[in-house]
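Visitor: To start, I am sharing the structure in question, which I have written as structure tokens.
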């Protein structure tokens, strides 16, 4: 692990309550990401030294905000390098998590992480979310998370057919997200707003659910 990520990892352990086995899984995940990023573009070059401080912490904070179920089925839409889905799978092993990624090389990386870390409750779906079958109950999700993927209107269009009753979308967006919220609420019958976060992050967290 790079020195910058190793130092940030020590600080991360002071903040999040993780078992030793989970700590080892997270370290191995970062090491795999650093290695694979030399071959395929999983994170930008300037972010390689910030994998832990920016991406890992940002993902793990979701476990502290009471916005995820204790168990159930969730989707990471546009998973990319695995944020936030892989950290959530490690920190919350009771969850079944489906990582949806259309870029085959990135999906192969996610498959490798799943195999190396023995994440048996993780599934990797290679393809576009629009192609997923929403007709069957077993294909629906309690929560769909998306980190810096697309505008809120498009995210909700993709997510809504795949959500269970009372399910919701958690979108990790740029801090200037108010205009997207206003556009979404003008086009769809939804309730949405920003979830307060514990520290200053690059992403605001927006919760969206059907207005019944």
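The values are calculated or read from the model by the stated rules, or taken from the named source; none is laboratory data. Because the structure is a prediction, the values reported are computed rather than measured. Reconstructed Cβ throughout: ideal geometry from the backbone, glycine too, with neighbour counts over all protein chains shown.
Visitor: Output the residues belonging to the range 152-194 that are surrounded by fewer than 17 Cβ atoms within 10 Å (Cβ to Cβ), in contact with a helix residue (DSSP H, G or I) (Cβ under 7 Å, 6 or more places away or on another chain) and assigned to a strand (DSSP E or B).
Guide: None; the set is empty.
Visitor: Another one. Return yes when residue 104 is modelled with pLDDT of 95 or more and at negative phi and no when it is not.
Guide: Numbers: modelled with pLDDT of 95 or more: yes; at negative phi: yes.
Yes.
Visitor: What number of residues within the range 34-49 are touching a helix residue (DSSP H, G or I) at 6+ places or on another chain (Cβ under 8 Å), in a helix (DSSP H, G or I) and free of Cβ contacts under 8 Å to residues at least 60 places away in the same chain?
Guide: Total meeting the criteria: 4.
Visitor: Here's another thing I want to ask about it. Given (1) assigned to a helix (DSSP H, G or I); (2) surrounded by fewer than 14 Cβ atoms within 10 Å (Cβ to Cβ), where does residue 120 come up short, assuming only one miss?
Guide: Of the numbered conditions (1) assigned to a helix (DSSP H, G or I); (2) surrounded by fewer than 14 Cβ atoms within 10 Å (Cβ to Cβ), the odd one out for residue 120 is (1).
Visitor: Go through 68, 88, 18, 24 for me and flag whichever is under 11 Å from the mean Cα position of the chain (by Cα) and either under 26 Å from residue 207 (Cβ atoms) or free of Cβ contacts under 8 Å to residues at least 12 places away in the same chain (or both).
Guide: On the way: 68 fails: under 11 Å from the mean Cα position of the chain (by Cα); 18 fails: under 11 Å from the mean Cα position of the chain (by Cα); 24 fails: under 11 Å from the mean Cα position of the chain (by Cα).
88 is the lone residue from the list that is under 11 Å from the mean Cα position of the chain (by Cα) and either under 26 Å from residue 207 (Cβ atoms) or free of Cβ contacts under 8 Å to residues at least 12 places away in the same chain (or both).
Visitor: Just give me the residues in the range 97-117 being crowded, with 24+ Cβ neighbours inside 10 Å and within 20 Å of residue 73 (Cβ to Cβ), in sequence order. Step through it out loud before you land on a result.
Guide: Quick first cut of the range 97-117, residues crowded, with 24+ Cβ neighbours inside 10 Å only: 97, 99-101, 109-110, 113.
Selection gives 97, 99, 100, 101, 110, 113.
Visitor: Here's another thing I want to ask about it. State yes or no: is residue 66 at positive phi, at pLDDT 95 or above and in a loop (DSSP other than H, G, I, E, B)? Show your work before the answer.
Guide: Working: at positive phi: yes; at pLDDT 95 or above: no; in a loop (DSSP other than H, G, I, E, B): yes.
So residue 66 does not fit the description; no.
Visitor: Considering the range 176-204 alone, what residues qualify as being under 21 Å from residue 68 (Cα atoms) and modelled with pLDDT under 90?
Guide: Residues satisfying the conditions are 193, 194, 195, 196, 197, 198, 199, 200, 201, 202, 203, 204.
Visitor: I would also like to ask the following. Can you say whether residue 79 is closer than 26 Å to residue 11 by Cα, under 10 Å from the mean Cα position of the chain (by Cα) and either in contact (Cβ under 8 Å) with a residue 12 or more places away in the chain or surrounded by fewer than 22 Cβ atoms within 10 Å (Cβ to Cβ) (or both), as far as the supplied structure shows? Before the answer, list the steps.
Guide: Numbers: closer than 26 Å to residue 11 by Cα: yes; under 10 Å from the mean Cα position of the chain (by Cα): yes; either in contact (Cβ under 8 Å) with a residue 12 or more places away in the chain or surrounded by fewer than 22 Cβ atoms within 10 Å (Cβ to Cβ) (or both): yes.
Taking the combined requirement at face value, the residue satisfies it.
Visitor: Being over 30 Å from residue 196 (Cβ atoms), assigned to a helix (DSSP H, G or I) and in contact with a helix residue (DSSP H, G or I) (Cβ under 9 Å, 6 or more places away or on another chain) narrows it down to one residue among 28, 54; which is it? I'd like the intermediate steps shown before the answer.
Guide: Details: 54 fails: over 30 Å from residue 196 (Cβ atoms).
Going through 28, 54 in turn, the sole match is 28.
Visitor: Further question: Does any residue of the range 137-149 turn out to be surrounded by fewer than 19 Cβ atoms within 10 Å (Cβ to Cβ), under 15 Å from the mean Cα position of the chain (by Cα), modelled with pLDDT under 95 and in a loop (DSSP other than H, G, I, E, B)?
Guide: Yes, that holds for at least one residue.
Visitor: Given the structure, is residue 52 without any contact (Cβ under 8 Å) to a residue 40 or more places away in the chain, within 18 Å of residue 84 (Cβ to Cβ) and surrounded by 18 or more Cβ atoms within 10 Å (Cβ to Cβ)? First the steps, then the outcome.
Guide: Working: without any contact (Cβ under 8 Å) to a residue 40 or more places away in the chain: no; within 18 Å of residue 84 (Cβ to Cβ): yes; surrounded by 18 or more Cβ atoms within 10 Å (Cβ to Cβ): yes.
So residue 52 fails the test.
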